[in-house]
Amino acid sequence: MSQQMSRRHALAAGLAAGTAALGATAIGAAPAMAAPRGRGSGNPFLEGAFAPVPFEVTEFDLPVTGTVPKELTGRLLRNGPNVLGLEDPRAHHWLVGDGMVHGVRLRDGKAEWYRSRWVRAKGTAEKLGEPVRGVPAETDYASNINVIGFRGKTLALQEGTARPQELTDELYTVGPCDFDGTWAGTMSAHTKLDPDSGELHSVSYDESTDHVQYVVISAAGKVTSTRKIPMGGTLLMHDFALTEKYVVLYDQPILFDLDAMKHGQKIPWVWDTKRPSRVGYFPRAGGPVTWISVPPSYISHTLNSYDDGGAIVVDFVEFPAPFSADRLSSSAPPSLVRWTIDRARGTVRRTQLDDRPQEFPRVPDARVGRKHRYGYTAATADFLKAYGHGSTPDSAFSNGLVKHDLATGRSQFHRFPEHASASEAVFVPRSGARAEDDGYVLSYVHNPDRNASDLVILSAQDFTGKPVARIHLPSRIPLGLHGSWIADA
Ligand SMILES: [Fe+2]
């Protein structure tokens, strides 16, 4: 059984990649277990900007072009697969493999440090020849999709069967987080933090069960509510949506099927044309789940969701059906869509917000579950073409970020130099901001000229203007998945 099969990895529908030239101080990671890299692997996700980096890096006092705003005090962290010790490069799937968290710390107008660290989940610690942290579970293989801040803790998240891993401020792995002994299970990679109550909400799936698990962790850091929701199948639910009153679930026909790997797939998830698609919602305060049929598609990521009178509004990135999780492709590129769920009528109205290819949707953290005006996405490679001929992994990144004004329907496009690759954009408000877009947009951008990454800071209100600052990292962050700004305060 291959490594991927035995680990039964869950799949994210994100996007990512990176290149690396390690000019900086390289620390850790025994070369014998170094991540594969180089040309000729036969797998595009092991090469170029996608290639895993072979070392951990620590570098201080990073060079900056422009001026880092002094009010930005904290860390921009990002997680993504960075596989160690591959058995068969040709069988490698982009989204499978050990997680590596990258981070830059800003303080007093300076880029104080850059660090990259593998997340020492059980499987990764064993590969590195290190002691396993905490009480191990067989399923703690990788933690490679997202990294968040919660109550002063830094948590690396996967999904499926993996537990969250707590990291120190400097990205060393502490071990599995059980929220003061109140939770032994898994969590979603896309948790939602209620900006008012401070509650952390998660809807996670497990490949071995036919239900999803809803969990609420209070602002005090303890699990206060759990609920199993039957789904009638072992399906993949990478993301969900949260409003002030409701939890929204996407029941989409991507099912766990180990046999698929006998037929050449790299991961065991298949699109089932016979399974109907539904959207479900239930009150946060408790109550039955209401299901409504919707046309099949794959919702990879929620931009945001909110209550609007008798409706629930959900904005998200959608891949047209059928979606192949194995090939990360669909019949047309992903685009930005709105559902308006009429609770009284039991109907869903679909609105195409923007039909240009894009992914990695984000709103300001303070708008999660509340009506938002602005959203930020990363354009995919087909964005600049006349609606390309389908999404492929190679087109997952481009040199642009998009700012959407959903009140006016207009958008702005920030274009980086040709062949650069911009990753997920994270909004950080200015001190005392009054307008929703009064702040900065931060993104790690692969710079092909240096074969390394820059942390680029844009002014959200001058989105197409010259970057406020470009912080030059000593090495490459492989094009990867999700992350957070974790302020000191
Ligand atoms: Fe994701």
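The values are calculated or read from the model by the stated rules, or taken from the named source; none is laboratory data. Source: prediction; values computed, not measured. When we count neighbours, we look across all protein chains shown, and the Cβ atoms used for this are built from the backbone with ideal geometry, even at glycine. What goes into the accessible areas is simple: the full protein's heavy atoms, side chains included, and nothing from ligands, DNA or RNA. Shrake-Rupley method; radii C 1.70, N 1.55, O 1.52, S 1.80 Å.
Observations on the structure shown:
- Modelled label positions at residue 258 and residue 289, each set 7 Å beyond Cα in the direction of Cβ, lie 2.5 nm from each other.
- Taking the Cα centre of the chain as reference, the dipole from Cβ charges on Lys and Arg (+1) and Asp and Glu (-1) amounts to some 480 debye.
- Full extension of the chain between residue 438 and residue 488 yields a length gain of 16.1 nm, computed as 0.36 nm times the residue separation minus the alpha carbon distance.
- Using the alpha carbons alone, the radius of gyration of the stretch 283-437 stands to its Kirkwood radius in an Rg to Rh ratio of 0.99.
- Shown for the chain: the carbon plus sulfur share of the solvent-accessible area, taken with all protein chains present and a 1.4 angstrom probe, equals 49%.
- Cross-link table 122/262; 70/153; 192/222; 245/371; 192/245; 70/110, entries beyond 18 Å C-alpha to C-alpha: 122/262; 70/153
- P(r) tail for the stretch 239-295: Cα pairs beyond 20 Å make up 42% of the total.
- Per residue accessible area in Å² of the chain, where ligands, DNA and RNA are left out and the probe is 1.4 Å: 37 Å²
- Debye intensity ratio I(q)/I(0), log10, the stretch 404-481, q values 0.18, 0.20, 0.25 Å⁻¹ (C-alpha model): -0.76, -0.90, -1.22
- Annotation: average projected area of the stretch 72-163 is 7.2 square nanometres, based on the convex hull of Cα atoms across all directions.
- In the stretch 267-376, Cα pairs under 8 Å separated by at least six residues give a relative contact order of 23 percent.
- Summarised in one figure, the compactness ratio Rg/Rh of the stretch 86-232, Cα atoms and Kirkwood Rh, is 0.99.
- With a cut-off of 12 Å between beta carbons, the residues surrounding residue 57 carry a summed charge of +1, where Lys and Arg count +1 and Asp and Glu -1.
- Gap separating the Cα centres of the stretch 186-223 and the stretch 63-98, nearest whole Å: 24 Å
- Separation of alpha-carbon centers, the stretch 406-480 and the stretch 131-145, rounded to whole Å: 33 Å
- FRET E, pair residue 350, residue 108, Förster distance 45 Å, beta-carbon r, rounded to 0.05: 0.40
- Geometric descriptor of the chain, per residue, is 134 Å³ (volume of the convex hull of the Cα atoms).
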